[in-house]
Every structure is written in C-alpha cells, then in structure tokens.
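The values are calculated or read from the model by the stated rules, or taken from the named source; none is laboratory data. What you are looking at is a predicted structure, and each value in this text was computed from that prediction instead of being measured. Please note: Cβ atoms are built from the backbone with ideal geometry, for glycine as well, and neighbour counts cover all protein chains shown. Just so you know, the surface numbers come from the protein's heavy atoms only, side chains and all, with ligands and any DNA or RNA stripped out. Shrake-Rupley method; radii C 1.70, N 1.55, O 1.52, S 1.80 Å.
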Amino acid sequence: MIAQHSRPHDATAAVRQNLLACWTAVVNAGGAVVPMGCPLPPVTPAALRPAVERITRELSPDHSRLLVATVDGALAGWLLLRREAHPLAAHCGVLNHVQTDVRFRGRGVGAAMMRHARSVARDEMGLERLQLAVRSGLGLEEFYRKAGWTEVGRWPGALRVAPGDDRDEILMSLTL
C-alpha cells in the first residue's frame with residue numbers, strides 16, 4: 001500500500017518516526033542521500049531529524065508530496081516528489097530520497113513506488129517530466145532504467161563517499 005502525504009499535518013509523529021528509522025537504516029547500509037548538515041555514516045536518527053522535519057514542514061499539494069509504502073503495516077519505503085520552484089521549470093518535478101527499507105528490498109517496493117510517483121506527478125500534479133540524480137557504483141541507474149528513466153548526463157567524481165572513493169552523480173529524466 002502506498003499512502004500520500006501532501007500537508008504538514010499529514011505527516012504525524014508516527015510517520016516522521018518511521019521515516020527516521022528507515023532513513024537511518026538505509027544510510028548506514030550504504031545507500032540513500034546524506035542530507036546537508038548531517039555527518040557521514042554511521043548516522044543516528046537524531047542527526048537526520050532536522051531533514052525529516054524540514055521535508056514534512058514543506059509538504060504542499062501543489063509543490064511537495066511524500067509517498068510512503070507499507071507492507072503489513074510496516075514502513076517499507078518512501079520518496080519525496082517535488083515540483084520545481086522556478087517558473088521556467090514548474091512543469092518538471094524532482095524525485096528525492098527514494099528509499100526502500102533494507103528489510104523489504106527485492107520485494108518490488110521500489111518499483112511500486114516509482115509507478116505510483118509517476119501517476120501522482122502526471123495525473124494529480126500536472127507535471128510533464130521528472131528528474132533525479134543517483135550515485136554511481138550501486139547499480140541504481142539500472143533500477144531506474146527498468147522503470148523507464150533515461151540517463152541524460154553525469155557529473156564525474158562529484159560525490160566523495162570516502163577518501164579515494166569518488167562516484168559519479170548520474171542525472172536521469174522521465175517524460176510523463
């Protein structure tokens with residue numbers, strides 16, 4: 001099941017707590033974006049709390065929606081779907097923080113979230129294109145290709161995961 005939260009009050013304390021637990025586990029397992037102001041892994045829920053609070057505070061039906069997947073009542077994954085803020089790009093959206101809880105990987109949760117995000121973006125938000133950026137070296141670009149996304153560019157060595165471990169940031173696009 002995939003729920004949609006489009007207003008700050010939709011993201012209850014329980015939802016925020018579940019996001020923190022998932023994000024912490026995913027980051028510490030080597031995936032997910034580490035937000036600005038957060039130390040590099042290992043991270044704690046307290047370190048991620050300001051980012052979760054900011055995400056939920058900025059929810060808006062027109063501009064920012066949180067999609068949360070559950071399996072048997074447990075949070076299995078989540079993502080943030082945002083409309084570009086600049087008027088020249090307002091027909092485009094961005095996916096951020098696409099995460100599948102480590103306990104639910106390989107069960108189709110990510111693919112289901114991608115299908116749902118595509119539908120929400122097109123049918124409810126009126127977006128025409130989505131974009132995202134992924135870190136190379138994890139095979140994520142193949143996951144997104146299977147979901148219909150196209151690589152449109154790279155920033156070589158833009159992400160330093162650890163000393164001597166620089167990764168490309170892969171830019172991807174999906175026409176809706």
Calculate for the chain the 222 nm mean residue ellipticity that helices alone would give, adding -39,500 (n - 2.57) per DSSP H run of length 4 or more and normalising by residue count, nearest 500 deg cm²/dmol. -8000 deg cm²/dmol
Considering only the chain, percent of DSSP beta bridges that pair antiparallel, nearest 5: 90
Compute the distance in nm between two label points, each set 7 Å from the Cα along the Cα-to-Cβ direction, one at ALA3 and one at ARG129. 3.4
How compact is the chain by the rule of thumb for globular proteins, expressed as Cα Rg over 2.2 N^0.38 Å? 0.98
Please compute the Kirkwood hydrodynamic radius over the range 1-59, one decimal place, Å, based on all pairs of different Cα atoms. 11.9
Taking 130-139, 154-163 and ranking on average Cβ neighbours within 10 Å, highest first, one gets 130-139, 154-163
Averaged per residue, the 1.4 Å probe accessible area of the range 25-156, protein heavy atoms only, in Å², is roughly 51
What whole-number value in cubic angstrom gives the convex hull volume per residue for the C-alpha atoms of the range 81-176? 109
What share of Cα pairs, in percent, lie more than 14 angstrom apart in the range 60-131? 57
Any idea what the relative contact order of the chain is, in percent, if you count C-alpha pairs under 8 Å spaced at least 6 apart? 18
Theoretical gain in end-to-end length, ARG105 to ALA85 [0.36 nm per residue, Cα-Cα removed]: 4.0 nm
